[in-house]
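Below is one structure, written out as structure tokens, with a few remarks after it.
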There are 4 protein chains.
Amino acid sequence: MTDKLTSMDIEIRVRYPEADQMGVLHHSRYWVYFEMGRTELLRAQGVAYRDLEEMNVLFVVAKCSAAFKMPARYDDVLTLTTRITKMGAARIDHAYELRNKDTGMLLCAAETTIACVNRDGEIIPIPDSIKE
Amino acid sequence: MTDKLTSMDIEIRVRYPEADQMGVLHHSRYWVYFEMGRTELLRAQGVAYRDLEEMNVLFVVAKCSAAFKMPARYDDVLTLTTRITKMGAARIDHAYELRNKDTGMLLCAAETTIACVNRDGEIIPIPDSIKE
Amino acid sequence: MTDKLTSMDIEIRVRYPEADQMGVLHHSRYWVYFEMGRTELLRAQGVAYRDLEEMNVLFVVAKCSAAFKMPARYDDVLTLTTRITKMGAARIDHAYELRNKDTGMLLCAAETTIACVNRDGEIIPIPDSIKE
Amino acid sequence: MTDKLTSMDIEIRVRYPEADQMGVLHHSRYWVYFEMGRTELLRAQGVAYRDLEEMNVLFVVAKCSAAFKMPARYDDVLTLTTRITKMGAARIDHAYELRNKDTGMLLCAAETTIACVNRDGEIIPIPDSIKE
């Protein structure tokens, strides 16, 4: 595990049915992208979220907020920066910046708090292997 | 269980993000509607699909086909007719007709074959309680 | 237009593919429900959002936040309360409470700020016909 | 334009909310992947579908069929092969094979017929620049 890695960028191309009839990425889809950002950050740290679930360690979104500044459009290539901003015993806060890759314009800034739970939905401590 | 009920109608209003930037219901969403049709037909027969899954009886789509004739648009109210066309030992065939409720125009005709499996994905006989 | 109507309830049944492999409504789908709440509140006030778009009056989500308290599951029937909390020249704030209809338990509390724009994305005043 | 290119492969990783509570890719999502396959095949031929829409040339799905053979799971990397099987004056038929990249197992075989229309939904000839 790369013990200092707390931020990473991924690229996402907007899919056709993710844009609505205004021609812009629907606000509900951003959360799918942010989850991809968390997953890839975790993978870069050496952990597959899929394996965590198999070990009965699940992460659920407890809180979220976003500010939408500029629209993303179908077929745009976006750059998502995902950053860990706070690590608690059973919670992790992330911040996200989604930009248009070509223009560099900031489209959306967002934050989430995820909680570590078991399959019964009970809060459990984040395993040490992840916290490191 | 109503032992002769093999067809039923439900109404569905097209949601905003289900329409794409052409302003029409994306073809991928129709399958979500057809699944709702199957679920409500089953419920009308006295069975909640949720309860089946808890009894380790799952239905998976094995085959499907559709002909798209006219577009559905955001906020349109649609009438979906779901009909059982064939019942096998471990498979059920359904046919679907999706119409615009206001105009009665046929938008899509489709068919699916669903297979009965357990949680390990093995084909199992459809329980008698459903076949009746 | 019913000039005092600033809150309303709608019922939504969780669809199969809206639940993820944890068996719970994915956090991205809540925003689709909240948008349905806004649409039905507007319709109860005598305005179809579809007609607004045809008049070049669009509403886009500028900010949002949510706290997820309890999971919703496939086939659960939910009650969504949508309430206008603030009306500006070109912005409307809504608050949402999503409850399990059977138990009454609060699943999610959320807020959005929507901005009124034209088809070019420029901020425009909310038409008087809506503000009344 | 590469005038002989009638087939191509893309890789797609299954996203978390694309799997349902059975833990498998929901059958409705395959159509989103197949559309991505068509788009990337077109792009490899030198045409961005986005630009076609701006020139009032749209492709809509007229018919589709699929056979689902094996499930795809969350975080699986899939290989999608998209192939043009027939080219008419105003229609294009594609065939798709979706495989698990690691195992090479065939998960789904499918076909679509897309029709070329203008923004009013009228059938129009496929532009020569694409047919070549």
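Within segment C:98-128, the set of residues being out of contact with any Leu (no Cβ under 6 Å at 6 or more places or on another chain), free of Cβ contacts under 8 Å to residues at least 60 places away in the same chain and charged (D, E, K, R) comprises C:Asp102, C:Glu111, C:Asp120, C:Glu122, C:Asp128. If you check A:Arg13, A:Arg99, A:Arg50 for being of a type in the set (D, E, K, R), farther than 30 Å from C:Ile123 by Cα and at pLDDT 95 or above, only one passes: A:Arg50.
How about segment A:36-132: which strands (runs of 3 or more DSSP E) wholly inside it have at least 3 residues that are within 11 Å of chain C (Cβ to nearest Cβ), surrounded by 19 or more Cβ atoms within 10 Å (Cβ to Cβ) and of a type outside the set (Asp, Glu)?
Working: elements: A:58-68, A:77-87, A:91-100, A:106-117.
So the answer is A:58-68, A:106-117.
When you scan segment D:83-95, do you find a residue that is closer than 30 Å to A:Asp51 by Cβ, in contact with an Asp or Glu (Cβ under 9 Å, 6 or more places away or on another chain) and at pLDDT 95 or above, even just one? Checking segment D:83-95: not a single residue is closer than 30 Å to A:Asp51 by Cβ, in contact with an Asp or Glu (Cβ under 9 Å, 6 or more places away or on another chain) and at pLDDT 95 or above.
Taking C:Asp3 as the residue in question, decide whether it is at pLDDT 95 or above and acidic (Asp, Glu). Give the steps one after another, and end with the answer.
On the way: at pLDDT 95 or above: no; acidic (Asp, Glu): yes.
Spelling it out, it is not the case that C:Asp3 is at pLDDT 95 or above and acidic (Asp, Glu).
Taking A:Thr6, is it hydroxyl-bearing (Ser, Thr, Tyr), out of contact with any Ser or Thr (no Cβ under 7 Å at 6 or more places or on another chain) and surrounded by fewer than 16 Cβ atoms within 10 Å (Cβ to Cβ)? Judged against the criteria, A:Thr6 is a match. Condition check: among the aliphatic types (A, V, I, L, M) and in contact with a Lys or Arg (Cβ under 8 Å, 6 or more places away or on another chain). Does B:Ala109 satisfy that? Here the answer is yes, as B:Ala109 does meet what is asked. All conditions in (1) within 23 Å of C:His26 (Cα to Cα); (2) over 11 Å from the mean Cα position of the chain (by Cα) hold for A:Met70, with the sole exception of (1). Of the residues making up segment C:8-28, one or more are more than 7 Å from every other protein chain (Cβ to nearest Cβ), outside any helix (DSSP H, G or I) and among the acidic types (Asp, Glu). Only residues that are among the β-branched types (Val, Ile, Thr) and buried (at least 23 other Cβ atoms within 10 Å of the Cβ): list them for segment C:11-23, please. Matches in segment C:11-23: none.
The values are calculated or read from the model by the stated rules, or taken from the named source; none is laboratory data. Because the structure is a prediction, the values reported are computed rather than measured. Glycine also receives a Cβ, built like all others from the backbone with ideal geometry; neighbour counts cover every protein chain displayed.
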